[in-house]
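A short write-up of the structure that comes next.
The values are calculated or read from the model by the stated rules, or taken from the named source; none is laboratory data. What you see is a predicted model; the values in this text were computed from it and never measured. Cβ placement follows ideal geometry from the backbone for every residue including glycine, while neighbour counts extend to all protein chains displayed.
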Amino acid sequence: MLFLGLYGLSLFSLLLVCIGWGKLLLLLVREKELRDWDVLLLAGVGVWGCICFLLLWIGLWQPWLLIGIFLGGLGGWWLSPQIRWPRLQETCALAMFGVACMGFLDAWGPIIDTDSLYYHQALAKQMAIRGELIGGWFEPNGSRPMLLHSVYAFVWQFWGEKGPSVLHLCMSLGLLVSVVERSRSGFWGLLLLVSSWSLFQEIGIISNNLPTAFAIFLTWRLVCAERYRMAAWLAFVALSYKLTSVGLIFAIWLLYIPSWRLRSQLLIAVVALFSIWPLRNIMMDVAPMFPFMGWEEPFQSLDKYGMGRSLKGFLWLPWNIFQHAEIDSHQFQGQLSWMLMVSGLAWIRLRKKELFLLAMGCAFWALGPQWLRHFTLLLPLMVFLIGPQLRLRWFQGLLFLGFLYSISNNWGPLFSRWSAKWEVIRGEQNEEVFLSENIVGYDALQWVNTKIPKDSCPALLFVWGGAVLDRPYLLSSVEDHIPVRAWIKTHKERSFSVLPCDYVVVGKAAMSRKRYSFLSDEQYQHQIERPLAELETLLLKKAVLVYTEKGIRVYRIQK
Amino acid sequence: MWLLLGMVFANPIPLYPFPYSCIDPRFPTIHKGWIVGCNPQGEISELYHVESMRRQRLQVESEFVGFDPIEGKIMHGRAGVWDLKSQEQQRFPRITEKLSAPAMGKNGVWAYTTETSISIIEGRKKIQIEAYPRGWYPPAWWGNSIVWVEDDGSGGEDLWMLTDRQQAQVLRGGDIAQRHPVGSGDRLAWIEGERVGIWTFGEPEAQFFPASVVDRLALSAERLCWSQRGVDIDIHCADGFSLERPGNQIWPAIWEGFLLFREGEQLMLYRFEEE
């Protein structure tokens, strides 16, 4: 308990330091009259991310330097001590505490979420272990904009595996408090936000969706408050956290900036800041927007997600996302509460500009891969806009009916998850056993951790659990296993020779014809079947099977 | 019917009773004429006899099982053993530890490896010796001794032996990795780099012959076979037999005159011509 208290206190100090950096940034951009805690926090995390990214880039990832920069953030408090802290009603604060407790179970419990394992936690861990940036052809995930993950790497370095998750929890709660406070929607605003599985389940699980939603929301509020310099910074933060934010950022830019001159200035500022990511990729000899571009085939097969992209599919989309969404399949991969659908009634009272903003947000979402976790970027804006109407009694009754109607679909799966994690946290269930049962390839990856030579490097093929490894590794997976397939297609029988690793961990690709029915026979053959068959032949001819566990195979490459 | 066709055409025939692949790649395999195969979840669940075409459904489904070829029993670990003759699940002997590879039985005595030990169990009597066996490779009986693959601590593998006096000693070591020991009576075979070693118990030295082997050996009283790397992968045997067909033939297992292997996703059976 004492450890937990000290841990929480030390992590809280990081948030204070981030706010300190936020204050320093305000001085720099001459917006020092801004005193909002949420803007300072998010702007500060952005500054902190830039510093960490640069340290990783130039190879100065030294603990003493990191501590020095950490303390440097306190300078912000010295220079400008005023800050406006959040104020919530008692009921709302109590409900927020409940949400925080549930989120904490996810953040403190064992990490089993696929995106956390191959992407968010894995990148933070790899950068912290190596003390440098990762990226390039064999580490495509590391070539994404690394603003948020550089901060996660810092937190991982000092607070271990739970650190990034707890920081993410703080940012998620920050978003909820910020939206509820600014919209003055109170308890009902909070309930509307967390009524959907797709948002609630993200709160405690390390990711980039809610921090991005936070950045978009504040960008919009700052634009409305005509604080353009800070808005430009937060737009850069949002885009760097998740490129999917581009639709909403564009809508805000188009609808809320009063003149084309100002629009041009802000565009130049944001593009200039953002250019750091393409520049880095160019220097690493990959496409500027790698890994989103630079492959022989599209990065994402959009047809795979949702329920069809015909005109009929788009027309039925508003109904389908509420009625037919599934958590564990590509059919929207999430769940929305009917409370949200009922809240749509309040759109009638919105002004044209606000309606356009929401419509553009929805349209951009629909054009993308139609994952409901991307839809969460839009939710804070919705709640803010209908906030005043959430105080109407009759409306609250309707909303509650919508909430009750879909509570089992939305909160049901969460309660079983929290219950399982609580068992692990209090020691009722062995964590190793839990991880072994819930992470595909966990046992094989643990074997790799302990059994292969210290200077050996494993490459993960069709295996998502990179965060389990305590050593540097290559590849792992990203959309439709493009990197592995592209590597085989490019190098063919020389593939193992060009791979700078001596072990490969091979999972199941799970790429069936049925799942890719939208591809022609020829495309399926060329893009999927042939590379997978070539890999199996290579494994037979040039590698030695040294271990298998639960269908995950470990090979030693014979070079 | 299939047997008749097999004899008429002297070609391997596809086997359809087990259309599903197993989680553990060394299954399906053949044991005392019974093909041990998996359910749609990839767990070992059913047996099919190649001659009588009879089926047995196992009471316990698991990822891997061990065999006692002499007594005709299948080891399930914690759930005990399945007797092929009586078709009953017996509670003892049973292995309660987490196995790192299938157990291997001989006359009712079972040898098995865990992450930190090599053990022998007979009924309720157990002997355990500290060791660091490499996971996945089952131990092999060689006469009355047990041979297993030991982690050499630097990423490679050595062969160790536990004598009938319960003394553990290195059987084969060095820079080249030794893997996949298989035993049949007094004969022991294993893969050592780009060659195969074979040693008859009581003889002073092993014999070696060059072979680029894919993944494992299949040994019976009469034959030693393996998948050989070449232009593609074909099955070769130490007696000069080779089964050369288009595509890759992998994971051979032999019982008396039968050779079971996989060709792509298809399970195939071949009957050696009688000498």
- Note on the structure: Selection over region A:190-215 where residues are within 14 Å of the chain's Cα centre (by Cα), of a type in the set (A, V, I, L, M) and under 30 Å from A:LEU401 (Cβ atoms) yields a count of 5
- Scanning region B:164-217 for residues that are within 14 Å of chain A (Cβ to nearest Cβ) and among the basic types (Lys, Arg), which turns out farthest from A:LYS559 (Cα to Cα)? B:ARG216
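Select from region A:509-523 the residues that are touching a Phe, Trp or Tyr at 6+ places or on another chain (Cβ under 8 Å) and either in contact (Cβ under 8 Å) with a residue 60 or more places away in the chain or crowded, with 17+ Cβ neighbours inside 10 Å (or both) and list them in ascending order.
Step one: of region A:509-523, the residues touching a Phe, Trp or Tyr at 6+ places or on another chain (Cβ under 8 Å) are A:509-510, A:513, A:516.
A:ALA509, A:TYR516 - these are the residues of region A:509-523 that are touching a Phe, Trp or Tyr at 6+ places or on another chain (Cβ under 8 Å) and either in contact (Cβ under 8 Å) with a residue 60 or more places away in the chain or crowded, with 17+ Cβ neighbours inside 10 Å (or both).
Being over 16 Å from the mean Cα position of the chain (by Cα) and either assigned to a strand (DSSP E or B) or acidic (Asp, Glu) (or both) is the filter here; which residues of region B:179-195 pass it? Walk me through how you get there before you give the answer.
Step one: list which residues in region B:179-195 are over 16 Å from the mean Cα position of the chain (by Cα), which gives B:192-195.
Once the filter is applied, which keeps residues that are over 16 Å from the mean Cα position of the chain (by Cα) and either assigned to a strand (DSSP E or B) or acidic (Asp, Glu) (or both), region B:179-195 yields B:GLU192, B:GLU194, B:ARG195.
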- Task: Mind listing just one residue for me: the one in region A:514-544 that is closer than 19 Å to A:VAL463 by Cβ and acidic (Asp, Glu) and, of those, farthest from the other protein chains (Cβ to nearest Cβ)?
- Result: A:GLU534
- Search result, residues across region B:124-141 that are more than 14 Å from every other protein chain (Cβ to nearest Cβ) and either under 17 Å from B:PRO69 (Cα atoms) or assigned to a strand (DSSP E or B) (or both): B:LYS125, B:LYS126, B:ILE127, B:GLN128, B:ILE129, B:GLU130, B:PRO139, B:ALA140, B:TRP141
- Message: Being at pLDDT below 95 and either loosely packed, with under 14 Cβ neighbours inside 10 Å or not assigned by TED's automatic domain parsing to the domain that holds A:PRO531 (or both) is the requirement here; does A:SER337 meet it?
- Response: no
- Query: If we only count strands (runs of 3 or more DSSP E) wholly inside region B:58-119, which ones have 1 or more residues that are among the basic types (Lys, Arg)?
  - Reply: B:73-75, B:104-106
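For region A:211-262, how many residues meet the condition of being charged (D, E, K, R) and either more than 23 Å from A:ARG351 (Cα to Cα) or out of contact with any helix residue (DSSP H, G or I) (no Cβ under 9 Å at 6 or more places or on another chain) (or both)?
Keep residues of region A:211-262 that are charged (D, E, K, R), which gives A:221, A:226-227, A:229, A:242, A:261.
Remaining after also requiring either more than 23 Å from A:ARG351 (Cα to Cα) or out of contact with any helix residue (DSSP H, G or I) (no Cβ under 9 Å at 6 or more places or on another chain) (or both): A:226, A:229, A:242, A:261.
The qualifying residues number 4.
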- Note on the structure: Every listed condition ((1) modelled with pLDDT of 95 or more; (2) touching a Phe, Trp or Tyr at 6+ places or on another chain (Cβ under 8 Å); (3) of a type in the set (A, V, I, L, M, F, W, C)) holds for A:VAL271 save (2)
- Query: Has region A:117-131 got any residue that is over 20 Å from A:ILE203 (Cβ atoms) and touching a Lys or Arg at 6+ places or on another chain (Cβ under 8 Å)?
  - Reply: yes
- Task: For B:ALA221, work out the one condition from (1) in a strand (DSSP E or B); (2) of a type outside the set (Lys, Arg); (3) under 19 Å from the mean Cα position of the chain (by Cα) it doesn't fulfil.
- Result: (1)
- Query: Considering only residues of region A:487-502 that are within 29 Å of B:CYS22 (Cβ to Cβ) and under 29 Å from the mean Cα position of the chain (by Cα), which is surrounded by the most Cβ atoms within 10 Å (Cβ to Cβ)?
  - Reply: A:TRP487
- Those residues of region A:420-453 which are in a helix (DSSP H, G or I), touching a strand residue (DSSP E or B) at 6+ places or on another chain (Cβ under 8 Å) and within 15 Å of A:GLY466 (Cα to Cα), in sequence order: A:ASP443, A:ALA444, A:LEU445, A:TRP447, A:VAL448
- Go through region B:30-42 and count every residue that is within 14 Å of chain A (Cβ to nearest Cβ) and in a strand (DSSP E or B). 1
- Where a residue in region A:382-398 is assigned by TED's automatic domain parsing to the domain that holds A:ARG351 and among the aliphatic types (A, V, I, L, M) and its partner, wherever it lies, is surrounded by fewer than 13 Cβ atoms within 10 Å (Cβ to Cβ) and part of a helix (DSSP H, G or I), with Cβ under 9 Å and at least six apart: A:ILE386/A:ARG349
- Can you find a residue in region B:230-243 that is assigned to a strand (DSSP E or B), more than 14 Å from chain A (Cβ to nearest Cβ), surrounded by fewer than 15 Cβ atoms within 10 Å (Cβ to Cβ) and among the hydroxyl-bearing types (Ser, Thr, Tyr)? yes
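Of all residues in region B:256-266 being in a strand (DSSP E or B) and surrounded by fewer than 21 Cβ atoms within 10 Å (Cβ to Cβ), which is farthest from the other protein chains (Cβ to nearest Cβ)? Reasoning before the result, please.
Our first condition is that a residue be in a strand (DSSP E or B); within region B:256-266, this holds for B:258-263, B:266.
Imposing the further condition that a residue be surrounded by fewer than 21 Cβ atoms within 10 Å (Cβ to Cβ) reduces the set to B:258, B:262-263, B:266.
On the way: B:PHE258: 23, B:ARG262: 11, B:GLU263: 12, B:GLN266: 14 Å.
Per the criteria, the residue is B:PHE258.
Say whether the condition of being part of a loop (DSSP other than H, G, I, E, B) and more than 14 Å from every other protein chain (Cβ to nearest Cβ) is met by at least one residue in region B:146-161. So that I can check it myself, show each step before the final result.
Start the filter on region B:146-161 by keeping residues that are part of a loop (DSSP other than H, G, I, E, B), which leaves B:152-156.
Of the ones still in play, those that are also more than 14 Å from every other protein chain (Cβ to nearest Cβ) are none.
There is no residue in region B:146-161 that is part of a loop (DSSP other than H, G, I, E, B) and more than 14 Å from every other protein chain (Cβ to nearest Cβ).
Is it fair to say A:SER196 is surrounded by 23 or more Cβ atoms within 10 Å (Cβ to Cβ), among the hydroxyl-bearing types (Ser, Thr, Tyr) and farther than 25 Å from A:LEU66 by Cα?
On the way: surrounded by 23 or more Cβ atoms within 10 Å (Cβ to Cβ): yes; among the hydroxyl-bearing types (Ser, Thr, Tyr): yes; farther than 25 Å from A:LEU66 by Cα: yes.
Here the answer is yes, as A:SER196 does meet what is asked.
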- Task: Consider A:TYR547 carefully, then state whether it is within 12 Å of chain B (Cβ to nearest Cβ), without any contact (Cβ under 8 Å) to a residue 60 or more places away in the chain and crowded, with 19+ Cβ neighbours inside 10 Å.
- Result: no
- Pairs, please: C-beta under 6 Å, at least 6 apart or cross-chain, first residue facing chain B (nearest Cβ under 7 Å) and in region A:451-462, second part of a strand (DSSP E or B)? A:ILE452/A:TYR503; A:SER456/A:TYR503
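Tell me, please, whether a residue that is more than 14 Å from chain B (Cβ to nearest Cβ), crowded, with 21+ Cβ neighbours inside 10 Å and touching a residue at least 40 places away in the same chain (Cβ under 8 Å) can be found in region A:428-436. Let's see the steps before the verdict.
From region A:428-436, those more than 14 Å from chain B (Cβ to nearest Cβ) are A:428-429, A:431, A:434-435; that's our starting set.
This time we only want the ones that are crowded, with 21+ Cβ neighbours inside 10 Å, so: none.
No: region A:428-436 contains no residue that is more than 14 Å from chain B (Cβ to nearest Cβ), crowded, with 21+ Cβ neighbours inside 10 Å and touching a residue at least 40 places away in the same chain (Cβ under 8 Å).
So, in region B:197-212, how many residues would count as being surrounded by fewer than 23 Cβ atoms within 10 Å (Cβ to Cβ) and in a strand (DSSP E or B)? Outline the logic, then answer.
Initially, region B:197-212 is screened for residues surrounded by fewer than 23 Cβ atoms within 10 Å (Cβ to Cβ), giving B:197-198, B:200-212.
Restricting the remaining residues to those that are in a strand (DSSP E or B) gives B:197-198, B:200, B:207-210.
Qualifying residue count for the region: 7.
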